[in-house]
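Notes follow once the structure below has been shown.
The values are calculated or read from the model by the stated rules, or taken from the named source; none is laboratory data. Because the structure is a prediction, the values reported are computed rather than measured. Note that we place each Cβ from the backbone using ideal geometry, even for glycine, and neighbour counts take in every protein chain shown.
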Amino acid sequence: MARDPQQSSATKPRRWLAWLAVGGLMLGLTAFYQAVIPERGGLVRSESGMAGAAIELQRDRGGHYRVPGEINGYAVSFLVDTGATDVAVSERLAREIGLDFGPRTMVMTAAGPAPAWRARLDRVTAGVLQRDNVRATITPGLGNQVLLGMSFLRHFEIRQQGERLLIQSAVTDR
């Protein structure tokens, strides 16, 4: 049976419209999911007692661990980064908090080498975990992220189990 050339040319715009509708539906559902369904992740448990202090974090949709905290009494949201040598703050945030910019240095970032400044933080708090006199790096290209790096984390035991991260007082701190 022969196909009608007019009929096949008429179905091409319909196919494009169908594919466009499917793409729009997928985009709409993704936007709905991002806006309506809450971001899982963050602080699950925070406790402090005679045995020490501990926080338990749930991994977020992006695969990261985030914890609310403070730098010198200023509220921040930390991204836990065991690959960061120091606690790292943006230049904008450092000026807002009133940090002293120490000596200029170069740091290695995911985007390559970048200029930065050394700094000292009087107090860093992540959940119930706290340390004084923490080394930090002020990095201009950091954006709004505050990285909770090893200059803070090295004082605690870190254990990952599935989607959870437990950070607790080290045995020597108890």
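For segment 50-84, a residue qualifies if it is under 12 Å from residue 145 (Cβ atoms) and among the β-branched types (Val, Ile, Thr), and the qualifying residues are 76, 80.
Please verify whether residue 107 is part of a strand (DSSP E or B), farther than 16 Å from residue 166 by Cβ, among the hydrophobic types (A, V, I, L, M, F, W, C) and at pLDDT below 95, treating the condition exactly as stated. Can you show your working first?
Values: part of a strand (DSSP E or B): yes; farther than 16 Å from residue 166 by Cβ: yes; among the hydrophobic types (A, V, I, L, M, F, W, C): yes; at pLDDT below 95: yes.
Against the criterion (part of a strand (DSSP E or B), farther than 16 Å from residue 166 by Cβ, among the hydrophobic types (A, V, I, L, M, F, W, C) and at pLDDT below 95), residue 107 qualifies.
Each row is one residue, and each column tells you yes or no for (1) surrounded by fewer than 16 Cβ atoms within 10 Å (Cβ to Cβ); (2) under 10 Å from residue 136 (Cα atoms); (3) touching a residue at least 12 places away in the same chain (Cβ under 8 Å).
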{"residue": "66", "(1), (2), (3)": "no, no, yes"}
{"residue": "90", "(1), (2), (3)": "no, no, yes"}
{"residue": "110", "(1), (2), (3)": "yes, no, no"}
{"residue": "123", "(1), (2), (3)": "yes, no, yes"}
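This table checks each residue for (1) over 21 Å from residue 155 (Cα atoms); (2) in contact with an Asp or Glu (Cβ under 9 Å, 6 or more places away or on another chain); (3) of a type in the set (A, V, I, L, M, F, W, C).
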residue	(1), (2), (3)
57	no, no, yes
70	no, no, no
81	no, no, no
110	yes, no, yes
115	yes, no, no
119	no, yes, yes
125	no, yes, no
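Restricting attention to segment 141-158, the residues being without any contact (Cβ under 8 Å) to a residue 60 or more places away in the chain and under 17 Å from the mean Cα position of the chain (by Cα) number 4.
With a requirement of 1 or more residues that are in the same structural domain as residue 128 (by TED's automatic domain parsing), modelled with pLDDT under 90 and under 21 Å from residue 161 (Cβ atoms), the strands (runs of 3 or more DSSP E) lying completely within segment 30-104 that satisfy it span 42-49, 52-58. Can you tell me which residue is modelled with the lowest pLDDT among those in segment 133-174 that are assigned to a helix (DSSP H, G or I) and either surrounded by fewer than 16 Cβ atoms within 10 Å (Cβ to Cβ) or not assigned by TED's automatic domain parsing to the domain that holds residue 98 (or both)? This residue is 173.
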